[in-house]
1. Quick one: dipole size for the chain, taken about the Cα centre, charges +1 on Lys/Arg Cβ and -1 on Asp/Glu Cβ, in debye to the nearest 20.
2. So for the chain, averaging the separation of alpha carbon pairs under 8 Å that are six or more residues apart and normalising by length, what relative contact order in percent results?
3. Mind checking the per residue accessible area of the chain for me, 1.4 Å probe, whole number of Å²?
4. Treating the beta-carbon of each Lys and Arg as +1 and of each Asp and Glu as -1, no other charges, what is the dipole magnitude of the range 213-279 about its Cα centre, to the nearest 20 debye?
5. Defining a contact as two alpha carbons under 8 Å apart and six or more residues distant in sequence, what relative contact order in percent does the range 92-179 show?
6. With all protein chains present, how much of the accessible area of the chain (probe radius 1.4 Å) comes from carbon and sulfur, to the nearest whole percent?
7. When a/c is below 1.5 the answer is rounded, else prolate if a/b is larger than b/c, else oblate, so apply that to the range 92-179 with a ≥ b ≥ c taken from the square roots of the Cα gyration tensor eigenvalues.
8. Using a simple charge model, +1 on the beta-carbon of Lys and Arg, -1 on the beta-carbon of Asp and Glu, nothing else, what dipole does the range 92-179 show about its Cα centre, in debye to the nearest 20?
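The values are calculated or read from the model by the stated rules, or taken from the named source; none is laboratory data. Everything numeric in this text was worked out from a predicted model, so none of it was measured. Neighbour counts are summed over all protein chains in view; Cβ atoms, including those assigned to glycine, are modelled from backbone coordinates with ideal geometry. The protein model used for the area step is the full one, side chains on, heavy atoms only, and it has no ligands, DNA or RNA in it. Shrake-Rupley method; radii C 1.70, N 1.55, O 1.52, S 1.80 Å.
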Amino acid sequence: MEKIKIAIQKSGRLSEQSQDLLKEAGIALINGDRRLISTASNFPLEILYLRDDDIPQCVADQVADLGIVGQNVIMEKDYAVDTVLKLGFGKCRLSLAISRNEEYDSPEYFNGKKIATSYPGILGRYLESNGIKADIHEISGSVEIAPGIGLADAIFDIVSSGSTLVSNGLKEVEVIAKSEAVMVANQNLSQAKLDILDKLMFRIRSVQTARINKYILLNAPNHNLEEIIRIIPGMKSPTVMPLAEPGWSSVHSVLKENEFWEIIDKLKDLGAQGILVIPIEKMII
Ligand code: PRT
Ligand code: ZN
């Protein structure tokens, strides 16, 4: 039977979440020792473990059919792959940063400056589209130390919390791009592989939907039932069951996690009691 091959990062910032995502999508691996390849026991899938930089080219060449990689890697070079799903983890931004003692008012600042980066493609396009002439100095790691040792005036690098910049005496002055992990696919997959990809995407979407939704149960006084139902409308409409105690009902519904804190006070004001919020494992809508 046809199998689909997915390349994920062997070790690094995306590897654990990439594996967790597949696991939560119900994919069990036979040999999970992560040497180079593992096979799923219950889904037509093989996993290749690679360096993140090698993933897009492998997918373009169909060494792998799919890959999980940061958008920053895809943006840097023009790979012939399709982005099929955003995955919501590995979020970061690509920013220009300069010494915190320097004054900064606009991107014009970078005219005539030397900028160290591992992303010359993205930076070059940004500078060109803004009519800025700067000298790009490509280095492959520890970009943030370049200004301190006199190698460059500025850097263009990945930032997430910003603490690396702070500890190197730098400040972020322009955000050029945002990135998160995405699933990419080869552009010439066979129909059989496209069918497997559809199944895989359906599973991943169910996991993603479940992550942002919570199951809520509460006891509501019947005189405020309508109002409470209006606040937590659920997927179709909430389940309402009478409690053994007269005048009270149990209400079950689904809500977005980020809405919960906004409506909790309203629910309490309406006399809701015994509120339980429970994670959902899979959600199909
Ligand atoms: O070995 P391999 O080549 O596979 O891994 P790698 O070392 O090239 O990549 P890795 O594991 O560091 O990152 C993989 C992917 O994670 C990147 O391509 C991004 O898509 C994403 N990602 C998310 C990040 C960060 N956040 C991040 N903070 N990648 C790198 N960083 C680094 C950044 O380069 C800087 O040095 O973290 C530092 C900044 O972090 P803060 O939190 O101090 O701002
Ligand atoms: Zn890498």
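1. On the way: 31 positive and 38 negative charges, 143 e Å.
Using only the charged Cβ atoms, the result is roughly 680 debye.
2. Values: 539 pairs, mean separation 54.3, N = 285.
Taking the mean separation of contacting Cα pairs over the length of the chain, I get 19 percent.
3. On the way: 15420 Å² over 285 residues.
In whole numbers, the chain has 54 Å² accessible per residue.
4. It works out to roughly 180 debye.
5. Values: 163 pairs, mean separation 43.8, N = 88.
Rounded, it is 50 percent for the range 92-179.
6. Working: 7520 of 15420 Å².
In the chain, the share of accessible area belonging to carbon and sulfur is 49 percent.
7. Details: a/c = 1.30, a/b = 1.20, b/c = 1.08.
Verdict is rounded for the range 92-179.
8. Working: 8 positive and 12 negative charges, 39 e Å.
With only Lys, Arg, Asp and Glu charged at Cβ, the dipole is about 180 debye.
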